Each structure stands twice: as C-alpha cells, then as structure tokens.
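What follows is a single structure, written as structure tokens, with notes after it.
The values are calculated or read from the model by the stated rules, or taken from the named source; none is laboratory data. Predicted, not measured: the structure shown is a model, and the values here were computed from it. With ideal geometry, Cβ positions are generated from the backbone for all residues, glycine too; neighbour counts draw on all protein chains shown.
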C-alpha cells in the first residue's frame, strides 16, 4: 500500500491528477510517521468499536426514554446521559490504546524500521537497534530505561531520541549515522 513503486495510493493520486511524481511514503520522515499513524489507527479501530459498543449496551434504555420525556433532544441526551456513562469505558480504551501504541514494536519495525533518520522510532525499536542490531545489549537496555523515564518525566516523545551509537575498533562510541 505504501510501496514507492507499486503503491495503490500513489496510483490513485496520480490517476486523480493530485500528484505528478510518486510520493515517498516510507522513505520520508513526515510521510513515514503519518503512515504509521494511519496503520495504527486502522488496526485499533476494531478494539475501539467493540469496547465502546459493549459500553453502550450497558446503558439502560430507560435513561434515554426518561431524558426524552423530560424534553431533551438527541444531542442533549448524548451529552448529558450517554457520554457521562460511557466516559469511564472511553478512558480505559484510550489508556490501553496509548500503552499499546508506545510499546508496539512490530508495526514500526515492519513499516520503517525506525527510519528514515530515526524519525519513526519508538523506545522499543530504538533499544532493539542499539542492543540487538549493534550487539551492545547493555547499552540497549540502558537506553530503554533512560529514554522511557525521560519520556515519562519530561513529556518528550520517542522522536526526540538521539541517534544510536556503536563501538569502533578502538573502543570509542560512534554514531551509526556517520556523524
């Protein structure tokens, strides 16, 4: 779907006259992040829908009927009856979704591998790149703990992570991006 050569989206946009050249969906940091957001949203929709439907089914129809007898229209019934009763379920769904999104390794790893230029890294993919890909398990674990606590305490997201480093033959640490 996001392939640079055979992308359905590129074909549709080109045939519709919206673009003249192919868009680099997964090879540009901004497009890559938006692609990850779209895929994560698409994948999470069934969870949201089923959980919110279960929450809606717990609301007694008598409450809706009583509100309509009191003269409330549909909009007021939603905001003053349905939403207050659905709010705890919504909070749980949103918290589970946030936790699942920030700990989701396979989505980012399969789509972009954390690239381009570390633009789509999560803490898990970043720690994997440092710990497993470069063989520095201790440094990968340290980055995982360090950046997880940084993200929680300072409100910084995973995009603010510095580039990974590897050991040079002389024992010094060098950045993997060549700088």
*What number of residues within the stretch 95-109 are at pLDDT below 80 and part of a helix (DSSP H, G or I)?*
1
*Given the conditions (1) under 26 Å from residue 46 (Cβ atoms); (2) at pLDDT below 90, report the number of the one that residue 91 does not fulfil.*
(2)
*Within the stretch 56-103, how many residues are under 30 Å from residue 34 (Cα atoms), without any contact (Cβ under 8 Å) to a residue 40 or more places away in the chain and surrounded by 14 or more Cβ atoms within 10 Å (Cβ to Cβ)?*
3
*In the stretch 120-169, the residues that are under 19 Å from residue 98 (Cα atoms), at pLDDT 75 or above and in a loop (DSSP other than H, G, I, E, B)*: 120, 121, 122
*Residue tally, condition over 25 Å from the mean Cα position of the chain (by Cα), in a helix (DSSP H, G or I) and surrounded by 13 or more Cβ atoms within 10 Å (Cβ to Cβ), over the stretch 2-27*: 1
